[in-house]
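Notes to accompany the following structure.
The values are calculated or read from the model by the stated rules, or taken from the named source; none is laboratory data. Being a predicted model, the structure only gives us computed values, none of them experimental. Here the Cβ positions follow ideal geometry from the backbone for every residue, glycine too, while neighbour counts run over all protein chains shown. What goes into the accessible areas is simple: the full protein's heavy atoms, side chains included, and nothing from ligands, DNA or RNA. Shrake-Rupley method; radii C 1.70, N 1.55, O 1.52, S 1.80 Å.
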Amino acid sequence: MLKTPTRRLAPVLAAVVAAGLAGASTASADFSIARCTGDAVAARGASFQTAAFTGFTTAFRSATEPGCGATAPAVTLDPAGSGAGRQALGVRNSVSNPNGDRDASIRLAASDEPLTDTDRTQIAQGTVDANGVNVTTADDNTPHLIPVAIGSVAIMLHLPDGCDYTAATNRPLDGSRPSLDNNTLEAALAGDASANTWGEVIPGVDATCAAKPVVRVVRSDSSGTTFALKQLLARINPTRGWAALPNTSWPNIAANPVARSTATGGGALRTALDTGLVATTVRDNGTTPAPAQAINFANEGGIGYADLATARGGTNQPFTWNDAATDKTFWIALQVGTAADPKAGTTYADPQSAGDGYKTSVSNGALKPRGSSCGAVTPRAIPATTQDLWSQVDATATGQGYPGCTLTYQVAFDDYATVYCNSPEEERKARTVKDWLTLELSTAGQASLTTNDYAPLPAAAYAVALAGSNAVGWKKNGSPGRPCSPQQEQPKPEVTPTPTPVTPGAPNPPAPAPPSNAFTLSSARVSGTTIKLSLQFPGAGKITVATTSAKPKKGKAVKLATKNVAITKAGASSVSLSLDSKAKKALKTNKSLKFTVSITYTPNGGAAKTVTKTVTVKQPKAKTKSKK
């Protein structure tokens, strides 16, 4: 059963190789520097791509082409959400980016939500004035929307404490976890009165559990994962109006408020659904501001969503199923349906591709199977090029497997010398963008997706993506690129230059763009009584790590000594946090401690940025002495 993903992957990668060979002749980009000689670049956007970036980074650092070896330039992702990524390239927002300014530190955007026609126009134009007039026409350039992977949106449940589902009537696949048919799923996520208690959502649960309410746990940011989920819900029930809802809006919140994660990204939603702490959630009923309110799992339960890799992640993998009916936190299989009717039939599919890979024992076992069940899905309405409109593309409810699938994309410019100007520094950044896109769509890049809980691109999407990646370049079609300053536009006089007098009171030249503070926490794991962090940084600087536990059942909260670490260069770095004697004593008393780790990174000459992570440390089992 575990060999199925490999068999399914083989023809896909064969298509990748064939398309790559066919497309190689079109890859001219007019760079004056060789591949792999660029500078570090930063991307911002979809948290859906976080684990994919991990796999791509490993392949990028391979010595085998198109990898660049151990000294490959760093490409980091700030997983702030698809909307934040699009804004970084010039999409306007009335509050956070009213003039469509491009973030000087970002060169790529990651998004699970395709660009609308308005998005494409605004990214192409960049900054406008207060009247909406394009004041920087010299840097206008049409973007490419390049699909790089396909993956699953997993539906996660956190049932109320003590909920007994052993008599639940809908337990598909192997009869273990309960599930929701698509009609009930749509109603529950809409906050409909027909599906707002656990007895209505999972018929057959015990009477006490049946009466407890269902709380929707949703993203606070403009999220491509939310967009993809709403595509599925619109397929299930077109009359609800899902397609017209703004990204962060949900039906019926006045009667049935949603719990929003207080931080951005899928990991923040997973933490909110797992812990329900007041620090991680607000309860939004349409009032402003939404009041902070914990999820009380003694009296209610939650339903949420995240990409598969995020759903599988987290300390102790809370949403894999622990092989027992006492488990209250797990993702569920969904009804496959047909392309014409997502509510038809009784066939279900899990978001991951291994038959029993949803189980904790298998997920953490020797084979550690990974991969998305979206490998056989053919999305609807794939356009002819990456500069066409992709907003009608839909990979949900195709009847070909798991119904909650979505493409995820990189947004890149056609000619970086026009957008960011023609300079050696900008060429080095553009060179890295080009090399990174080439890697993502290579055989090695696509093969890395399965082991990180995605699937390679469907063949039809791959062919278009490859052509788009090949088109991204520098000083294309003989263009000289945009000058970086007005002085560059003037020809140099053929006379001996004289010193330019300094005029008292003259304005200073514009300050250079601040260094990027977009760092990534790749993983946080526990080994014994030590917390080990793996991080990616865009450049030199320093980090401060503060670690404090939640108040345990017995005793007081504990705080570890603050750790300061110098970051000397861009790339990967690791930090270990060992429990001191006081923390170990508290751990021994309580058997487990939940820590909040705050990592603050300050690049040299730049502004600080803080990322937090919740990590649970469990009391290690005592070692038994072997008999002599």
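A few comments on the model shown:
- Whole-number D in µm² s⁻¹ for the chain, Kirkwood Cα-pair radius fed into Stokes-Einstein, 25 °C, 0.890 mPa s: 95 µm²/s
- Excluding ligands, DNA and RNA, the accessible surface per residue across the chain is 43 Å² with a 1.4 Å probe.
- Counting only aspartates and glutamates at least 8 places from Lys591 when in the same chain, those with an alpha carbon closer than 17 Å to its own are Asp580.
- Net charge in the neighbourhood of Gly541 (other residues with Cβ under 11 Å of its Cβ; Lys, Arg +1, Asp, Glu -1) is +3.
- Counting protein heavy atoms only, segment 58-161 has 48 percent of its accessible area on carbon and sulfur, 1.4 angstrom probe.
- Burial ranking of peptide ranges 475-482, 310-317, 266-273 (average Cβ count within 10 Å, highest at the top): 266-273, 310-317, 475-482
- Placing R0 at 22 angstrom, the Cβ-Cβ distance between Ser574 and Asn604 gives a FRET efficiency of 0.65 after rounding to 0.05.
- CD proxy at 222 nm, helix term only [per DSSP H run n ≥ 4: -39500 (n - 2.57); per residue of the chain; nearest 500]: -6500 deg cm²/dmol
- Sulfur and carbon atoms: percent of accessible area, segment 256-306 [1.4 Å]: 56 percent
- Cα Rg, Dmax, segment 509-568, angstrom units: 16.4, 60
- Mean shadow area of segment 195-250, taken as a quarter of the surface of its Cα convex hull (nm²): 4.5 nm²
- Kirkwood-based shape ratio for segment 266-375, expressed as Rg/Rh from alpha carbons: 1.03
- Rounded to the nearest 20 debye, the dipole magnitude of segment 380-470 is 160 debye, with +1 charges on Lys and Arg beta carbons, -1 on Asp and Glu beta carbons, and the Cα centre as origin.
- Packing-based order for 75-83, 198-206, 525-533, using average beta carbon neighbours within 10 Å, highest first: 75-83, 198-206, 525-533
- Distant alpha-carbon pairs in segment 370-452 (separation over 15 angstrom), percent: 69 percent
- Convex hull of segment 307-357 built on C-alpha atoms - directionally averaged projected area, nm²: 4.5 nm²
- In this Cβ point-charge picture (+1 for Lys and Arg, -1 for Asp and Glu), the chain has a dipole of about 3520 debye about its Cα centre.
- Each peptide in 215-222, 35-42 gets a packing score, the mean of other Cβ atoms within 10 Å over its residues, and the list from highest to lowest is 215-222, 35-42.
- The C-alpha atoms of segment 125-197 occupy a region whose extents along the principal axes are 67, 31, 23 Å, arranged from largest to smallest.
- Using alpha-carbon coordinates, inclination of helix 266-275 to the longest axis of the chain, degrees: 20 degrees
- Volume per residue for segment 348-492 equals 140 cubic angstrom (convex hull of Cα atoms).
- Tail beyond 21 Å, pair distance distribution of segment 167-272 (Cα, percent): 40 percent
- Between helix 50-60 and the chain: long-axis angle, C-alpha atoms, 0 to 90°, nearest 10: 50 degrees
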